[in-house]
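What follows is a single structure, written as structure tokens, with notes after it.
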Amino acid sequence: MANNVHWNLTFYEINDAAKSKLVELCDRVRTDGEYLWFSDLFVDGEELTYEQSEKYSWTTEHIGPKWCYFEEMDTDEMIFSGESAWSAPENGVVKLLQILEEYDPKIVTSLVYEDEMPNFVGASVYHGSECYDSYEDDWNEILERVCEEVEELTGKYDADEGEWADEESEDLFRENIWEITGNAQWQFVHDITNLIKNE
């Protein structure tokens, strides 16, 4: 069974023409099933049908993960979130932005994601459809980041043995992991989106 990856797609700069196009694409997403499939955004009934978009080969090439769906689609706030298998839908985000940048070449967007374990967490910021900057922390980097920020965890993890000194330290790590990695992601997005705006 695939690890779930949770992701958030946020539009920071987008003009009215691109917003209207995004709403039009979102209207293609079927609501009569169990899931709101990301791939439905690209179904036009001519070059791509719903049946074609459900094929593994099309999904992995054009979306990235073998499955990916929306949990939230807020076209007022321009915030979207969802779940996918093993990885974030980076190919699908680029494909979507390639459509939208025809209406707004200066569009600024972020993709923030985390594996459920988490085996990794990361974030990307796009200017148009190009990735302006990104980062991804693997498990060891997550450990290092959390232990650096929580003083009580200094020297409490043995990387060679892959073990905590005691249960209390492991519990403290688990209590802090999501807040610290989340803050790092959103700080990164904040810094990079501001950098793009200032340019």
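The values are calculated or read from the model by the stated rules, or taken from the named source; none is laboratory data. None of the values given here were measured: they were computed from a predicted structure. Ideal geometry is used to build each Cβ from the backbone, glycine not excepted, and the neighbour counts take in all protein chains shown. Protein only, heavy atoms only, side chains kept; ligands, DNA and RNA dropped before computing areas. Shrake-Rupley method; radii C 1.70, N 1.55, O 1.52, S 1.80 Å.
General observations
- Taking the C-alpha atoms only, the angle from helix 167-198 to the longest principal axis of the chain is near 40 degrees.
- Ligands, DNA and RNA left out, the accessible area of the chain computed with a 1.4 Å probe is 41% carbon and sulfur.
- Two-decimal log10 I(q)/I(0) for the stretch 46-199, as the Debye equation yields it once each C-alpha is a single scatterer, q = 0.13 Å⁻¹: -0.73
- Between the Cα long axis of helix 16-26 and the first principal axis of the chain there is an angle of about 90°, rounded to the nearest 10.
- The stretch between ILE99 and ALA165, if pulled fully straight at 0.36 nm per residue, gains 18.6 nm over its current Cα-Cα span.
- Distance violations [Cα-Cα > 27 Å] among LYS55/LYS197; LYS21/LYS197; LYS19/LYS95: LYS55/LYS197
- Using a Förster distance of 45 Å, the FRET efficiency for GLU46-GLU199 (Cβ separation, nearest 0.05): 0.70
- Inter-centroid distance (Cα atoms) of the stretch 8-49 relative to the stretch 82-119, Å: 13 Å
- Residues of the stretch 1-159: accessible area per residue with a 1.4 Å probe, Å²: 52 Å²
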